Amino acid sequence: MSIRERLSGNEAAATAMKQINPDVVAAFPITPSTEIPQYFSTFVANGTVDTEFVAVESEHSAMSACIGAEAAGARAMTATSANGLSLMWEMIYIASSLRLPIVLSLVNRAVSGPLNIHCDHSDAMGVRDSGWIMLFSETNQEAYDNTLMAHRIAEHKDVMLPLMVCQDGFITSHAIENIELVEDDKVKEFVGEYHPEHYLLNKEEPIAVGPLDLQAYLFEHKAQQATAMKNAKQVILDVSKDFEKMTGRSYGLFEEYKLEDAEVAIVCMNSTAGTTKFVVDNLRAEGIKAGLLKIRVFRPFPGEEIAKALSHIKAMAILDRADSLNAAGGALFEDVTSSMYVNNVHVPAINYVYGIGGRDTKADDIKSVYMDLLDIVKTNKIDNPYRYLGLRKEAQK
Amino acid sequence: MAYNLKEVVANRPSRFTPGHRMCAGCGAPPIARHIMRALKPEDHAVVCGATGCMEVSTFIYPYTAWTDSFIHTAFECAGATLAGAEAAYQSMKKQGKLPEGDTKFIAFGGDGGTYDIGLQSLSRCYGTWA
Amino acid sequence: MTQINNNTPMEKLTPGGDIYTSGNAREFKTGDWRSIRPVFLSETCKQCGLCFPVCPEDAIPVNKDLKREDFNYDYCKGCGVCAKVCPFNAIEMKEEG
């Protein structure tokens, strides 16, 4: 029997870490993810876990220490947000290129500046090409579940890539929700022990990690990373299936919510999907065929599967909680639309940048998106595909 | 006890091999080699090098001049990287995941990698070991 | 491992560029860097022990009798530091070729 609890998203992530019992956690506090290492260091102090906690002086060192620990043969975990991830950025690329399956809990927050501690996805979008697997979580439950699945995915021999579990800062990280926890012994059995093939602390086979990789080799090593990322897709599905057997909770690459017969659809990630489901239900009650595609696996990007799932839609909106400032559209918008293009699927598409710096995105905002989509279906015209949702502007004359 | 360099060199195998790509006449390789010879022969070491000529010249894929385990990550974080490896050692040792015997941790940083760009990471190193 | 070279396909390269055969730089001979060669004059040598500690290439072996032996030309890059430190002119630098 699973355990019914009520936990904040941060508590959920810290609880998952406790149950995983990693060998090393190196972390530096930053709002809104501070509580994760804070709760976890309590577990360490109480002797609940076997973990060695490294209280580093910065996030750059947090990731450096995780790299050192993971290369040494340990399971290493950390947590951060926004500027913390920015400071880690150099080491984020090194972690994935050294093929170290570190697991990071990313509580999404706006990257400065100006300074803002609230939710958006600009931190995650800044590392989207870094070779990390990126899972997004709508609820505390999903943040917990994704964390429990993380090591099985990251440490798979066909993958060996670091993984970050994302959740929305404050919206889920600080909101207490009902949650179903898995028993400790079941988690232990599910996650399993980590036995790397090659590691620094193996004195029988001393190894060298992190070479100077010149013109003759770096290209091939990068292509190996790309192959591993492609492999990750099937591994994620397999691990999710095993997880479903244990918990009854089903996860795919993305969630289709009333999408099958939908005419208009929204694509989004994290907590906004919850608001969108509420709006979809209301619109359905009015007879409007609205649907949602919620991305869980952002890296590897399931482009082909998404294109197929959206192929019957008459108009769609992709919601980006980060502006790419490229005068063309957000990152998710570009990934979705380019995937549709290369898979020969044409669906009229618009992009909304929304929720920047924790700006509240209400049901009415989401409803207005569906209304815009219905208008596009009717008129077959898109004036401007790159739009803002909930932005104050002078009234149009 | 007097230190007899001839005896040390004659009797302790080098843990820093030739075949590295440091410039002819460079002073760093003899220093690294002598430091590595200070280890007890039975001890294993994890060495971390900050990015710099010492590191790139001794570890050009697919060759390493280090007979012990070696890790390089970036310019400014040899201290933090090695602190992580050492934390792994402490943790895994405590849990009985490692065999008997000692592992030593040695970071090589250049002047910049240590007390210029790497000063912050050096503070981490002190935090762990002080 | 050591068969890895410029023609090795990506599938055969070690992931992340890890090297599992520590100390394999020995297989990379640097002797061909040399343009001048040190010549060891064993009769002149007093075995003072100043030359081998400064050799960057470990190219001056010391045997169990604590005596230095002839140069290891597989690795000697011809820097001439040994000749410079020798107080007895027991090492002579000569043009290669």
- [ ] Excluding B:Arg15 itself, calculate the net charge of residues whose Cβ lies under 9 Å from the Cβ of B:Arg15, where each Lys or Arg counts +1 and each Asp or Glu counts -1.
- [x] +2
Task: Cα-Cα P(r), the protein assembly as shown, percent of pairs per 20 Å interval - done: 19, 44, 25, 10, 2, 0
TODO: Summarise the partner chain shielding of B:47-54 as one whole number: the mean count of Cβ atoms from other chains within 10 Å of each residue's Cβ.
DONE: 2
TODO: Among A:Ser311, A:Ser96, A:Ser271, determine the one that fluctuates most according to a GNM of chain A built with springs between C-alpha atoms less than 10 Å apart.
DONE: A:Ser311
Task: Part-to-part distance (alpha-carbon centres) for segment B:57-130 and segment A:85-139, which is given in Å - done: 24
Task: Translational diffusion of segment B:27-130, µm² s⁻¹ [Kirkwood Rh, Cα pairs; Stokes-Einstein; 10 °C; 1.306 mPa s] - done: 111
Task: Signed unit charges on C-beta, dipole axis of the protein assembly as shown, positive-most listed residue A:Gly287, C:Ile4, B:Ile71 - done: C:Ile4
- [ ] Evaluate the charge dipole of chain A about its Cα centre and quote only its size in Debye, nearest 20, assuming +1 on the Cβ of each Lys and Arg and -1 on the Cβ of each Asp and Glu.
- [x] 1060
- [ ] Take the alpha carbon atoms of segment C:53-76, find their center, do the same for segment A:193-265, and report the distance between the two centers in whole angstrom.
- [x] 48
Task: Acute angle (nearest 10 degrees) that the helix A:140-154 long axis makes with the longest principal axis of chain A, alpha-carbon atoms - done: 50
- [ ] For a quick protection proxy, order the peptides C:62-74, A:70-82 by their average other-Cβ count within 10 Å, most packed first.
- [x] A:70-82, C:62-74
TODO: Mind checking B:22-28 for the average number of partner chain beta-carbons within 10 Å of each residue's beta-carbon?
DONE: 6
Task: Rounded to 5, percent antiparallel among DSSP beta bridges of the protein assembly as shown - done: 30
Task: Cross-link table A:Lys186/A:Lys258; A:Lys18/A:Lys277; A:Lys203/C:Lys67; A:Lys157/B:Lys104; C:Lys67/C:Lys94; B:Lys104/C:Lys46, entries beyond 26 Å C-alpha to C-alpha - done: A:Lys186/A:Lys258; A:Lys18/A:Lys277; A:Lys203/C:Lys67; A:Lys157/B:Lys104; B:Lys104/C:Lys46
Task: Shielding by partners, peptide C:26-39 (average Cβ within 10 angstrom, other chains) - done: 3
Task: Segment A:Arg249-A:Asp364, length gained on full extension (0.36 nm per residue, minus Cα span) - done: 38.4 nm
Task: Burial order of peptide ranges B:100-106, A:11-17 (average beta-carbon count within 10 Å, highest first) - done: A:11-17, B:100-106
TODO: For segment A:311-397, state what percent of all Cα-Cα pairs lands in each successive 10 Å bin, counting from 0 Å until the bin that includes the largest distance.
DONE: 17, 47, 32, 5, 0
Task: Residues with amide H under 5 Å from that of A:Met134, placed H, sequence gap 5 or more - done: A:Met164, A:Phe298, A:Arg299
TODO: First measure r as the distance between the Cβ atoms of B:Leu119 and A:Lys378, then evaluate 1/(1 + (r/R0)^6) with R0 = 45 Å and state the FRET efficiency to the nearest 0.05.
DONE: 0.10
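Bear in mind that the values in this text are calculations on the coordinates, not laboratory data. Quick caveat: nothing in here was measured; it's all calculated off a predicted structure. All Cβ positions, even for glycine, are placed from backbone atoms using ideal geometry, and neighbour counts span all protein chains on display.
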